[in-house]
1. Could you tell me which residue of the stretch 47-72 is nearest to the chain's Cα centre (by Cα), considering only residues that are more than 15 Å from SER31 (Cα to Cα) and open to solvent by less than 70 Å² (accessible area, probe 1.4 Å)?
2. Could you grab the pairs with beta carbons closer than 8 Å, sequence gap of 6+ or different chains, first residue in the stretch 48-69 and part of a helix (DSSP H, G or I), second one small (Gly, Ala, Ser)?
3. With the structure loaded, tell me whether SER49 is among the polar types (S, T, N, Q) and out of contact with any helix residue (DSSP H, G or I) (no Cβ under 9 Å at 6 or more places or on another chain) or whether it fails that test.
4. Give the stretch 47-80 a look and list any residue that's aromatic (Phe, Trp, Tyr) and modelled with pLDDT under 80, or say none.
5. Residues in the stretch 3-13: is at least one within 15 Å of the chain's Cα centre (by Cα) and surrounded by 10 or more Cβ atoms within 10 Å (Cβ to Cβ)?
6. So the check is Cβ under 9 Å with 6+ separation or different chains; which pairs have a first residue in the stretch 21-47 that's within 17 Å of ILE59 (Cα to Cα) and a second one that's hydroxyl-bearing (Ser, Thr, Tyr) and at pLDDT below 75?
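The values are calculated or read from the model by the stated rules, or taken from the named source; none is laboratory data. Being a predicted model, the structure only gives us computed values, none of them experimental. Methodologically, a virtual Cβ is constructed for each residue, glycine included, from the backbone with ideal geometry; neighbour enumeration extends over all protein chains shown. Just so you know, the surface numbers come from the protein's heavy atoms only, side chains and all, with ligands and any DNA or RNA stripped out. Shrake-Rupley method; radii C 1.70, N 1.55, O 1.52, S 1.80 Å.
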Amino acid sequence: MADDVTKLIMETILALITTAFAFVAGEAWNSAIQALIESIIGAGDALPSLFTYAIVVTIIAVVVTILIARLAAKMGVEDD
């Protein structure tokens, strides 16, 4: 029983650490993409830049999600 609890605690800690690193990486990409959009469009008018940024991030998220789902399917991982 104690081994099960220890294993569960370690799995939870690992998941939290992984999530934290993913969040930091996401924030880094967020800043990079925002800077790219501002350099292309300019920072003068914020609203078009924000919409362009939102569209670009959405497209990237959809493409990456599809690629990951295909890779998982090839590896035999099922989606719940």
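1. Looking at residues that are more than 15 Å from SER31 (Cα to Cα) and open to solvent by less than 70 Å² (accessible area, probe 1.4 Å), I get ALA61.
2. Partner pairs satisfying both residue conditions: SER49/GLY42; SER49/ALA43.
3. Numbers: among the polar types (S, T, N, Q): yes; out of contact with any helix residue (DSSP H, G or I) (no Cβ under 9 Å at 6 or more places or on another chain): no.
No; evaluated as a whole, the condition is false for this residue.
4. TYR53, the sole residue that qualifies.
5. no
6. Note: pairs meeting the criteria are GLN34/SER49; ILE37/SER49.
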